[in-house]
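The values are calculated or read from the model by the stated rules, or taken from the named source; none is laboratory data. Computed from a prediction, not measured in an experiment: that's the story for all the values here. As a convention, Cβ positions derive from the backbone with ideal geometry for all residues, glycine included, and neighbour counts pool all protein chains shown. Just the protein is used for accessible areas: all its heavy atoms, side chains included, with ligands, DNA and RNA removed. Shrake-Rupley method; radii C 1.70, N 1.55, O 1.52, S 1.80 Å.
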Amino acid sequence: MEGHLFSENHKVMSKSDQEGPDHRQALVLIVEDELEIVDILSAYLTRNNMRVLHAGDGQQALELHASIQPDLILLDIQMPKKDGWEVLSQLRQNSNTPVIMLTAMDQDLDKLMALRIGADDYVVKPFNPAEVVARVQAVLRRTLEVNSSAKSKTLRADPFEVDLESHDITVYVSGEAHSLALTLTEFRLLTHFIRSPKRVFTREELLVSCLPEGDALERTVDSHISKIRKKLDAFGVHGVPAGVRGVGYRLKGDS
């Protein structure tokens, strides 16, 4: 086997390290012909209360998807019979099953192609298996949020109201409603805080949950937070999102 498949730090986590209650018993299909990768990913996923299936080639992946309907697919690109591009393209013809590409192909063009075809995220080898689990959990969480929004398309946390269908956030100040002009990333971040207004999120959590398409650094989160604050300052809403020293951010500081 050429090269390294994993980054150096890949101690298997306990359930308490990365347990995601929203993802308990989710079924993940690993499409990969390198058994070493399959074994370690299976160990990490099962330790985090997920079930695992394995397909060793692209054709088997499509057959298993049709018969089993997994909750998420980890998909390699360079595989026998059908490569990852073919598999992803065929899946997107009639399925919205979340797909995370897991590949040694690290060129920007490859990442852009995957996202355009319909991948939900893109992880380059060598990888830290703990990061893969975090990304799986984040994608599953977003999928659950999209599905649940069919029942409830509005979120509220004073002074905000979020219309999930139109991607609009309204801020209420002194009885007046103001529409916030946000970028997609800013919308994702602020909505993430509004969903859990009392929770403190680390920069890493925000990076994985709200900026999944690129290899952004944690300081990128700070930049987006700063831009959100400036837009809210214009309406007299100050210090939102609030920084929590040594941890990260939450929607608002202590009252």
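Counting only residues that are surrounded by fewer than 14 Cβ atoms within 10 Å (Cβ to Cβ) and acidic (Asp, Glu), which one in the range 164-184 is farthest from Ser209 (Cα to Cα)? The selected residue is Glu176. When restricted to residues that are surrounded by 15 or more Cβ atoms within 10 Å (Cβ to Cβ), assigned to a loop (DSSP other than H, G, I, E, B) and of a type in the set (A, V, I, L, M, F, W, C), the range 231-245 contains 3. Check the range 173-180 and report whether any residue there is assigned to a strand (DSSP E or B), closer than 16 Å to Ala234 by Cα, touching a His at 6+ places or on another chain (Cβ under 7 Å) and at pLDDT 85 or above. Looking through the range 173-180, none of the residues is assigned to a strand (DSSP E or B), closer than 16 Å to Ala234 by Cα, touching a His at 6+ places or on another chain (Cβ under 7 Å) and at pLDDT 85 or above. The condition (being of a type outside the set (Asp, Glu), touching a strand residue (DSSP E or B) at 6+ places or on another chain (Cβ under 6 Å) and not in a strand (DSSP E or B)) is satisfied by just one residue among Arg135, Arg141: Arg135.
Table: residues versus (1) within 16 Å of Val28 (Cα to Cα); (2) touching an Asp or Glu at 6+ places or on another chain (Cβ under 9 Å); (3) free of Cβ contacts under 8 Å to residues at least 60 places away in the same chain.
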{"site": "Gln93", "(1), (2), (3)": "no, no, yes"}
{"site": "Thr97", "(1), (2), (3)": "yes, yes, yes"}
{"site": "Asp108", "(1), (2), (3)": "no, no, yes"}
{"site": "Phe127", "(1), (2), (3)": "no, no, no"}
{"site": "Val132", "(1), (2), (3)": "yes, no, no"}
{"site": "Arg142", "(1), (2), (3)": "yes, yes, no"}
{"site": "Ser166", "(1), (2), (3)": "no, no, yes"}
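Of the strands (runs of 3 or more DSSP E) lying entirely inside the range 31-120, those containing at least 2 residues that are surrounded by fewer than 18 Cβ atoms within 10 Å (Cβ to Cβ) are 51-55.
Close Cβ contacts (under 8 Å, 6 or more residues apart or on different chains) running from residues in the range 185-211 that are in a helix (DSSP H, G or I) and open to solvent by 10 Å² or more (accessible area, probe 1.4 Å) to residues that are modelled with pLDDT of 90 or more and among the basic types (Lys, Arg) comprise Val208/Arg135; Ser209/Arg188.
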